[in-house]
Amino acid sequence: MRWFFNALPYNHRVPEGSPTMLFRPSAPLINSSVLALAAALVVALAPALVATLTVAAQDAPGSAPRATIGTEPLSDRRVHYDLTAALDAETKTIDGTARIVWRNPDRVPVDELQFHLYLNAFEGPESTFMRESGGAHRGFQASSADPWGGIEITAMSLFRGDGAASDLLAALEFIRPDDGNPDDHTAIRVLLPEPVTPGDSAVVDLRFTSRLPEIVARTGWLPGPSGRPFFMVAQWFPKLGVYEIPGQRYVPEGAERGAWSTHQFHANSEFYADFGTYDVALTVPADYVVGATGVLVSGNADAAESASEPADAALPTPTKTLRYQAEDVHDFAWTASPDFLVHERTWRHVAIRLLLMPTHASQAERHLEATRISLEGLDERLGTYPYTTLTVVDGLGGANGMEYPTLITAGTFYGLPSWFRPLELVIVHEFGHQYFQGMLASNEAEEAWLDEGMNSYIETKVMDAAWPGGSVLDVAGIRISGRDFHRVSYTKNNPSRGALQTKSWEYAFGDFGKASYSKPATVMHSLEGYLGEERMEQFLKTYVAEWRFRHPTTRDLQDVAERVAGENLDWFFDQYVYGTAVLDYRIDRFSSRREADSVYVATVRVHRMHDGTFPVPVRVRFADGSTRERVWRGETAWANLTFRGPTPAVEAFIDPDDTAPLDINRLNNRRVSASERSNLFARRAQLRLTAFLQRLMYLIP
Ligand SMILES: [Zn+2]
């Protein structure tokens, strides 16, 4: 079944049961990138259907399970990966092979391929990743003698239509497009002996060895409870960069040609890759439990049941090989451990597989329930989850809290009380990534907020709907919602620094997290406050429906928001997405005087404390309970607003319904007459507690 390094011309015939013939584009390119894209899609579609039918026919009656719902490709599938990985659990290395197919989507020939070798971020202290993170990425503390990892390509050749192969290894060259660090080996380029013509595919065969690091940045190994290693295997194979064609992302429509978008692996950056299909064979010790991206088409992912046999040290460890297929994804990750407890559930079309550490056995239902809530919450808000599988992994240490296509890692701790929900929050968050990171797949290196930030916003919506009031924490009358949780993290952490739209390696220290998670969540809650819940929902659904599998940019997101809003939103995006405006309105003075019988005039002096503006209502309440309200846009530094009512005014409140959580200090938004007692102290105490818990939760692995 595997067909690496064999003599099959890629475009000649479909090997038995292979799903790889998904594109054979040779159509003349039309002189408009949009049309070209559409044409490429059509060209891609037809063979895919043929291939699918072929596969189905060959495998009938017990045909292989599908990785996605429906029968048509969801993405334009510019890449295909055939991977094999043989894991040596003793040495923590993977012997890998790859056949990688890249289709030239441009209207001009392309003579260069670029790949990421992300694993080399962990090869030593001088990589850009380690330099930027000071070796302490999210609490990375190497405890073993040799914690380092890395990937080495040992053979690389271009497979040619005539059956010959050209060696590429000599042409392989490291590139450092972001910082020029000569010790960084996380990106390569390869000049091809001859260019790939438009619509044609380059087929590259590789052999590689991946040495897994002690867990760092959600990749690697750690000793498991049984003493045998747990593996989270991510960023483990050479992965193509994205060749962006004219009109795609920020490449001008009229550009002569596209360009590769490849970045080194940075401490703060995540990933960016093209959609395609994967066919992966994993060979692991027979008693290991495996979870992976995609759908299992052969092999047993659970532990082999031969544990009663006494192990014979002279015999090699028995292994098993599992084959997975994935469609319309841009990455493939997997995990393996002999310790996992396996729970399986079905939600609509999705087979859920929960892999749990035995110490957390009692929390299986919590995991499964949070998974159900995630699937339902995201389906309702952003549309159908199109894949047929979802694996939830309770891994170890730094492996937790990460998303890969159809596989997420969560994390909990023993004795987690039911009123504290970091576990649920992480599952909802990581599952939300299936939409933003998985399906929309924006460039995470250049525009991280489009993934983490939009996802953090949705996470609060799902959490706060599932557990109203205090979704993150709810104990003894103290309640912290997901929305407040992010809001405080933004307002308490240099709110004037770090624009959302910033390349992830250009943030000043400490600004990335805020600008990619909590601030954008708060920005989106404020946009919701402005648009109203209904239009906000429509904006999000439209954005996902129009842009899934197409790598949207910040500009694309704003375009959809403006179309749905029916108005220009530059004022909002310029301040809070592209800029670093800070919103803080304050009531300086509040007085009330009698003007005539039953006519009282309240004067509210409102003050814009920083550069940020946002239209909010200012409401005055009179002693008889009646209220008057008007909108203040903050266009001047201050203003005296007057309100007339039948009795003395007793309260003035800027944005009483909290439509603009971007306002960094709500304590100065309200004033009451001397006759009214406000309980500001309680509010302050609550804010302090929220800030404290925010910090505490960052310490939880
Ligand atoms: Zn995230």
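The values are calculated or read from the model by the stated rules, or taken from the named source; none is laboratory data. Everything numeric here is computed off the predicted structure, so don't read it as measured data. Here Cβ is always computed from backbone atoms with ideal geometry, including for glycine, and neighbour counts include all displayed protein chains. All accessible areas refer to the heavy atoms of the entire protein, side chains included, with ligands and DNA or RNA removed. Shrake-Rupley method; radii C 1.70, N 1.55, O 1.52, S 1.80 Å.
Return the FRET efficiency for the residue pair Glu365, Thr542: r is the Cβ-Cβ distance, R0 is 35 Å, and the value is rounded to the nearest 0.05.
The formula returns an efficiency of 0.50 here.
Please give the solvent-accessible surface of Ile664 in Å², to the nearest 10, using a probe radius of 1.4 Å with every protein chain present.
My reading of the accessible area for Ile664 is about 40 Å².
Leaving out ligands, DNA and RNA but keeping every protein chain, what accessible area does Tyr578 have, in Å² rounded to the nearest 10, with a 1.4 Å probe?
So the heavy atoms of Tyr578 present about 80 Å² to solvent.
May I ask for the distance between the Cα centers of the stretch 522-562 and the stretch 472-496, given as a whole number of Å?
So the separation of the two Cα centres works out to 23 Å.
Once you keep just the Cα pairs under 8 angstrom separated by 6 or more residues, what percentage relative contact order results for the stretch 74-335?
Here the relative contact order equals 25 percent.
Once the other residues with Cβ under 13 Å from the Cβ of Trp221 are scored (Lys, Arg +1; Asp, Glu -1), what is the net sum?
Within the 13 Å Cβ shell, the charges total -1.
Please report the net charge: other residues with Cβ closer than 12 Å to the Cβ of Gly645, K and R +1, D and E -1.
Charge balance near Gly645 sits at +2.
Pulled fully out, how much extra length does the chain show between Asp611 and Ile69, if you take 0.36 nm times their separation in residues and subtract their Cα-Cα distance?
Details: separation 542, 0.36 × 542 = 195.12 nm, distance 4.84 nm.
Gain on stretching Asp611 to Ile69: 190.3 nm.
Mind listing P(r) for the stretch 431-576? All alpha-carbon pairs, 5 Å bins, whole percents.
2, 10, 18, 23, 21, 15, 8, 2, 1, 0
Got the relative contact order for the stretch 585-692 handy, in percent, Cα pairs under 8 Å and 6 or more residues apart? Don't jump to the answer; show the numbers that get you there.
Details: 214 pairs, mean separation 31.6, N = 108.
The value is 29 percent.
Under 5 Å between amide H atoms, partner at least 5 residues away or on a different chain: which partners does Thr319 have, H built in plane at 1.01 Å?
Hits under the 5 Å cutoff: Ala286.
What is the gain in length, in nm to one decimal, between Glu173 and Ala304 on full extension, counting 0.36 nm per residue of separation less the C-alpha to C-alpha distance?
Length difference between fully extended and current span is 42.9 nm.
What's the extension gain from Asp111 to Thr154 if we count 0.36 nm per residue and subtract their Cα-Cα distance?
13.3 nm
Distance from the Cα centre of the stretch 357-401 to that of the stretch 154-211, in angstrom?
Value for the Cα centre distance between the two parts: 37 Å.
With a 1.4 Å probe and all protein chains kept in place, how much accessible area does Asp574 have, in Å² rounded to the nearest 10?
Probe radius 1.4 Å; accessible area of Asp574 about 80 Å².
Excluding residues on the same chain fewer than 8 positions from Lys461, give the lysines whose Cα lies under 22 Å from its Cα.
Counting by Cα, and skipping residues close in sequence, Lys461 has these lysines nearby: Lys492, Lys514, Lys519, Lys541.
I want the local charge near Thr371. Using Cβ-Cβ distances under 12 Å, sum +1 for each Lys or Arg and -1 for each Asp or Glu among the other residues.
Neighbour charge sum, excluding Thr371 itself: -3.
Under Stokes-Einstein, with the Kirkwood radius over Cα pairs standing in for Rh, what whole-number D in µm²/s applies to the stretch 363-490 at 37 °C and 0.692 mPa s?
222
Rounded to the nearest whole Å², what accessible area per residue is found for the stretch 461-508 with the 1.4 Å probe?
Ligands and nucleic acids excluded, the figure is 39 Å² per residue.
Round to the nearest 0.05 the FRET efficiency obtained for Arg593 and Arg630 when R0 = 22 Å and r is the Cβ-Cβ distance.
0.75
Using only the Cα atoms, work out Rg/Rh for the stretch 585-692, with Rh taken as the Kirkwood radius, to two decimals.
0.99
FRET efficiency for Glu567 and Leu315, Cβ-Cβ distance as r, R0 = 60 Å, nearest 0.05?
0.25
Calculate, in whole percent, how much of the Cα-Cα pair population of the stretch 74-335 lies beyond 22 Å.
Tail of P(r) above 22 Å: 58 percent of Cα pairs.
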